[in-house]
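Colleague: Here you go, one structure.
Since every read-out is calculated from the coordinates, none of them should be taken as a lab result. As the structure is a prediction and not an experimental result, all values here were calculated from the model. Note: ideal-geometry Cβ built from the backbone for every residue, glycine included; neighbour counts use all protein chains shown.
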Amino acid sequence: MAIIKNILREELENSLRMRKRYEQELARLPKGSLVARKIKGHTYYYVVLREAGKFKSIYKGKSVPDKISKNYAEAKATRAKYRNALSLLKKQIRYLEGALRGKEAI
């Protein structure tokens, strides 16, 4: 029984390390996403993000270099991937903590 608990503890420690790494990777990504708005027939680009629970738009100009546009598109996809993995990992951590805390023999 102790062997299984040790394996679960190792898995929990590994999951906690992975959660920390995912959160660090999310923090490194550029905040917000690039949005094009059409106003009176002209296209303007903004970075939209949340600060203190409110939406904030930062004007980027009438044209945005492809490099910046590509960077925000990649960041959006990467952010979605990490958030999904982080969600699954948090569920796994909750399960492992419950299994280790339980009163029944494992």
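Colleague: If the only charges are +1 at each Lys and Arg Cβ and -1 at each Asp and Glu Cβ, what is the size of the charge dipole of the chain around the Cα centre, to the nearest 20 debye?
Modeller: 640 debye
Colleague: Could you work out the relative contact order of the chain, using alpha carbon pairs under 8 angstrom and six or more residues apart, expressed as a whole percent?
Modeller: Numbers: 94 pairs, mean separation 35.2, N = 106.
After rounding, I find 33 percent.
Colleague: Please sort by residue number the chymotrypsin sites (Phe, Trp or Tyr not before Pro) in segment 46-106 whose DSSP state is loop and whose Cβ has at most 12 other Cβ atoms within 10 Å.
Modeller: Qualifying residues, ordered by number: none.
Colleague: Could you give me the ³J(HN,Hα) list for segment 68-80, computed from phi with Karplus coefficients 6.51, -1.76, 1.60 and θ = phi - 60°, whole Hz, x at Gly and Pro?
Modeller: So the J values, rounded to whole Hz, are 5, 4, 5, 4, 5, 5, 5, 5, 5, 5, 5, 4, 5.
Colleague: Among (1) 15.4; (2) 16.0; (3) 16.9, find the value of Kirkwood radius over Cα pairs in Å that was calculated from the structure presented, and write down its label.
Modeller: Label of the calculated value: (3).
Colleague: Right, something else. Which lysines, if any, have their Cα less than 20 Å from the Cα of K40, not counting same-chain residues under 8 positions apart?
Modeller: K60, K62
Colleague: Taking the Cα centre of segment 1-57 as origin and charging only Cβ (+1 Lys, Arg; -1 Asp, Glu), how large is the dipole, in debye to the nearest 20?
Modeller: On the way: 14 positive and 6 negative charges, 95 e Å.
Rounded to the nearest 20 debye, it is 460 debye.
Colleague: Just name one of A73, I39, Q24: the one whose Cα is farthest towards the positive end of the charge dipole of segment 24-79 (beta-carbon charges, Lys/Arg +1, Asp/Glu -1).
Modeller: So the residue furthest toward the plus end is I39.
Colleague: Which of the peptides 33-40, 8-15 is most tightly packed, and how do the rest follow, judged by the mean count of other Cβ atoms within 10 Å per residue? Don't skip to the answer; put the middle values down first.
Modeller: Numbers: 33-40: 11.1, 8-15: 14.1.
Per-residue mean Cβ counts within 10 Å order the peptides as 8-15, 33-40.
Colleague: Would you mind calculating the gained length between K62 and L16 on full extension (0.36 nm times residue separation, minus the Cα-Cα distance), in nm to one decimal? Walk me through the numbers before you get to the answer.
Modeller: Details: separation 46, 0.36 × 46 = 16.56 nm, distance 4.37 nm.
Extra length from K62 to L16 when fully extended: 12.2 nm.
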